[in-house]
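Heads up: the structure comes next, in C-alpha cells.
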Amino acid sequence: MIIGFSSAAIPTHIDGASYNKPSAGPSKAWFAGDTSLPASKIASAAAKATKVPSDATYILEAGKSPKATIHSDWASFSKGAAYIWVADMDVDCDGIDYKCKGNPDGQDETNFGALAAYEVPWIVIPDKFATKYKSKLTGNNIAAVVCDGKIFYGVFADTDGDSPEEIGEASWLMARTCFPTEDLNGNNGHTKADVTYIVFTGDKAVLPSSAINKNYITDFDALTKMGNEFMTDLVEQLGL
C-alpha cells in the first residue's frame, strides 16, 4: 500500500515555552497523523492481537478490576515494529506542569527529562514493562495514539510506578486533544477502554535530541514525519 502524505504547515524549531499553557498548547494539526492512514483498520487490528510477553497486564484504575494487556504481535516486524495495547486514557502531568488541575501528587520530572504536559504529547508505560524491555524502549520513542477515529503522534516519555502499576495514561495535551469535550485533568480521565496505543521500538524510532529537549518538543515537523513513516511501515506490514 502506498500512502501519499499531504503537506501541512507544521512549524520547525518552535519556542516550546510559548505553548506551555493548559488551554493554549500546540495545535493538534502539528502532531496529527496523515488522514490517508486507515486509523479504524489499525485500531481493529490492534484489538485482535494475541501475543502476550511477560509482565504485560496491568489495571486501568486503582481499586478496580478492569485490566489491559500490552501485546507483542507487531514487535518482531522488520519495519514498523511496535508494542500495542488498548486502554482508557488518564492524564499524566508529571514534569514542569505537575501542578495541573486535579493533580495534587504529581512529580516534577518525567523519566527522560522534565517535560511539559501542556506542550508535549506523550504516553506512559507501566514501569515494570518499560524496565524489562528497556533495550527496545529507550525513551522518547515515537508513539501513536488512535482515539475517536484519529491518529496523533507523541513520544514515550514517562512510566507509571504506582503500586499497583496502572496502564492507559497520556499527557494533558494528548488526552485533551483526543477528548476535547470531557474536561480531562489529573483527577478526571476518559474511562472507556477504546484508545489504541502504539509505541515503536528500537533506536531508530527515537525522536532525536534536535527535535526535543528536557522540557519541550522543539520540532513538531520531525515528530510528524517520523510518525507517518513508521505508521506507513506498520500499515504495509499488516497488509491494510
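If only one of Ala24, Ala29, Ala9 is surrounded by fewer than 21 Cβ atoms within 10 Å (Cβ to Cβ) and part of a helix (DSSP H, G or I), which one is it? It would help to see each step written out before you state the result.
Numbers: Ala24 fails: part of a helix (DSSP H, G or I); Ala9 fails: part of a helix (DSSP H, G or I).
Being surrounded by fewer than 21 Cβ atoms within 10 Å (Cβ to Cβ) and part of a helix (DSSP H, G or I) holds for just one of Ala24, Ala29, Ala9, which is Ala29.
Can we say Asp162 is in a loop (DSSP other than H, G, I, E, B), over 10 Å from the mean Cα position of the chain (by Cα) and farther than 15 Å from Ala87 by Cβ? Judged against the criteria, Asp162 is not a match. Among the residues of segment 63-78, the ones that are charged (D, E, K, R) and at pLDDT 95 or above come to 2 in all. None of Asp88, Asp73 is in contact with a Ser or Thr (Cβ under 9 Å, 6 or more places away or on another chain), in a loop (DSSP other than H, G, I, E, B) and acidic (Asp, Glu) except Asp73. For Glu119, the requirement of being surrounded by fewer than 16 Cβ atoms within 10 Å (Cβ to Cβ), touching a Phe, Trp or Tyr at 6+ places or on another chain (Cβ under 9 Å) and of a type in the set (Asp, Glu) is not met.
Taken together, Gly161, Gly202 contain a single residue that is among the small types (Gly, Ala, Ser), at pLDDT below 95 and farther than 30 Å from Lys64 by Cα, which is Gly202.
Residue check: is Ile70 aliphatic (A, V, I, L, M) and more than 28 Å from Asp183 (Cβ to Cβ)? Yes: the conditions hold for Ile70.
Selection of segment 60-74 for residues being surrounded by fewer than 19 Cβ atoms within 10 Å (Cβ to Cβ) and among the hydrophobic types (A, V, I, L, M, F, W, C) yields only Ala62.
Might you check whether a residue that is of a type in the set (A, V, I, L, M, F, W, C), crowded, with 17+ Cβ neighbours inside 10 Å, modelled with pLDDT of 95 or more and within 18 Å of Phe179 (Cβ to Cβ) occurs anywhere in segment 32-40? Yes - at least one qualifying residue is present in segment 32-40.
Here Gly95 meets each of (1) buried (at least 19 other Cβ atoms within 10 Å of the Cβ); (2) not in a loop (DSSP other than H, G, I, E, B); (3) not β-branched (Val, Ile, Thr) with one exception, condition (2). Out of the residues in segment 150-174 meeting the condition of being buried (at least 24 other Cβ atoms within 10 Å of the Cβ) and among the small types (Gly, Ala, Ser), tell me which one is farthest from Ser27 (Cα to Cα). Result: Gly168. Ser210 satisfies every condition listed in (1) more than 28 Å from Gly102 (Cβ to Cβ); (2) under 16 Å from the mean Cα position of the chain (by Cα); (3) in a loop (DSSP other than H, G, I, E, B); (4) not aromatic (Phe, Trp, Tyr) except (2).
Quick one: how many residues across segment 210-238 are without any contact (Cβ under 8 Å) to a residue 24 or more places away in the chain and farther than 19 Å from Asn20 by Cβ?
Residues flagged as without any contact (Cβ under 8 Å) to a residue 24 or more places away in the chain and farther than 19 Å from Asn20 by Cβ within segment 210-238 amount to 3.
Count of segment 190-207 residues, restricted to those that are surrounded by fewer than 21 Cβ atoms within 10 Å (Cβ to Cβ) and either without any contact (Cβ under 8 Å) to a residue 60 or more places away in the chain or closer than 11 Å to Leu60 by Cβ (or both), is 4.
If you take the residues in segment 126-149 that are in contact with a Cys (Cβ under 8 Å, 6 or more places away or on another chain) and either in contact (Cβ under 8 Å) with a residue 40 or more places away in the chain or not in a loop (DSSP other than H, G, I, E, B) (or both), which one is surrounded by the fewest Cβ atoms within 10 Å (Cβ to Cβ)? Out of the qualifying residues, it is Cys147.
The values are calculated or read from the model by the stated rules, or taken from the named source; none is laboratory data. If you're wondering where the values come from, they're calculated on a predicted model, not measured in any experiment. Neighbour counts run over all protein chains shown; Cβ positions are idealised from the backbone, glycine included.
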